[in-house]
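Here is the structure we will look at, set down as structure tokens.
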Amino acid sequence: MTTSFSCLPIVDVGALKEGPLSEGDTQSLSTELYSIFATTGFAYLVNLPLSFDHTEIFNVAKEFFELPLAQKMRLAKTSFRPGNINTYRGYFPIQPHLASDNLKEGFEIGSPNLDHAAPVTSKTSKVVLSEPNVWPSQDIFSKQARLEQMHSELQAFAAKLLSLLAIALGKDPAFFSSWLVDSLSTLRLLHYPPVPLSPTKYTNEDEVKLSCTPHTDSGILTLLHQDDTGGLEVLNASGDWVPAPYVPSSIVVNIGDLMAKVSGGRFTATMHRVRAPQPKLPSVGYGRFSIPFFFEPGENCIVGNFDDDKEGVVYGEHVRKKMSTWVEFLEDSGYDTVSTEGN
């Protein structure tokens, strides 16, 4: 159950860098994670077992989003560019006509190791979850291989965390191993452009300018790289929006709705939002960069309630249903593709 926390806890996961955990480290980390996910649902993780840092991953994001819009639109999902065949992976543009408080552009990739030979189709959705990634040409974007490596490292890190969560819930460390088969995990690069302040000073919460509206994540586990712009806020049990500012060399981790359900309600999926970034100087500034990694099981994985093995959902069906509420996956975006195809 979410508590009246005033800041997010910080967890040192440096022991994960050294190979197999000792019995003491396993017990200590699993107990700490259980306590956090049962009360706050969010934490900072530091001393990460990753080969890249904030500077590198945000430079990669900046390199992508600085591409001309026409180049990015060549990678757009079919809902934004009907001539394209990609439905799940690729680029989505800012959509102010659909959601003035959800102003972001994004680029999404899945596992470079996923087998795309036999994609699963659905009678209710055109989205192909197991489709291959799409990329800009190497001559205009040089970081494809590095992004694929980042995805692989974050997937391995998520697998270690899942093992600790299994132990925390009193299960075998390999309890969630079936979730890793043909995993659909998504690495998403996001850019929130700066939004100028209104001449009227905001005086209450209803007037807060948002780039992303209050929500809980729908899936299992989210690992988030955020930059020093700030804006992420987490809702506590008292109804206060608690800032989750940038902590150098950290990742923010949080539980999604499906993991809360799997845990039998032991873990909590906490509401959060993003304040709109403000330019530091008039007409200057990139806005905010945010890079979440969403751990996702395989499409055919049965994700069941921890307390009832007979109750579960097929992950592919679950995520397709959730997509119907996400603006970047609307069947008819209404996006004016003509205006983006110039030089």
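The values are calculated or read from the model by the stated rules, or taken from the named source; none is laboratory data. Here the structure is a predicted model, which means the values were calculated and not measured. Glycine gets a Cβ as well: all are built from the backbone with ideal geometry, and neighbour counts include every protein chain shown.
Assorted remarks:
- Which listed residue, of K72, K77, is among the basic types (K, R), closer than 29 Å to T216 by Cα, at pLDDT 95 or above and in contact with a strand residue (DSSP E or B) (Cβ under 6 Å, 6 or more places away or on another chain): K72
- Number of residues in region 125-173 that are among the polar types (S, T, N, Q) and in a helix (DSSP H, G or I) equals 5.
- Any strands (runs of 3 or more DSSP E) falling wholly within region 271-343 and containing at least 3 residues that are surrounded by fewer than 20 Cβ atoms within 10 Å (Cβ to Cβ) and at pLDDT below 85: 308-314
- Segments classed as strands (runs of 3 or more DSSP E), wholly inside region 1-98, with at least 2 members that are buried (at least 16 other Cβ atoms within 10 Å of the Cβ): 42-46, 90-92
- Among residues of region 230-259, those that are within 19 Å of the chain's Cα centre (by Cα), surrounded by fewer than 22 Cβ atoms within 10 Å (Cβ to Cβ) and either among the acidic types (D, E) or outside any loop (DSSP other than H, G, I, E, B) (or both), counted: 5
- H191 within 28 Å of S79 (Cβ to Cβ), at pLDDT below 95 and not in a loop (DSSP other than H, G, I, E, B): yes
- Residue in region 152-160 that is closer than 23 Å to H318 by Cβ and modelled with pLDDT under 95 present: no
- Once region 157-199 is narrowed to residues that are among the small types (G, A, S) and without any contact (Cβ under 8 Å) to a residue 24 or more places away in the chain, the residue that is surrounded by the fewest Cβ atoms within 10 Å (Cβ to Cβ) is S198.
- Residue in region 6-29 that is closer than 27 Å to K104 by Cα and either modelled with pLDDT of 95 or more or out of contact with any His (no Cβ under 7 Å at 6 or more places or on another chain) (or both) present: yes
- Looking only at region 200-220, and only at residues there that are at pLDDT 50 or above and assigned to a loop (DSSP other than H, G, I, E, B), the one that is surrounded by the fewest Cβ atoms within 10 Å (Cβ to Cβ): V208
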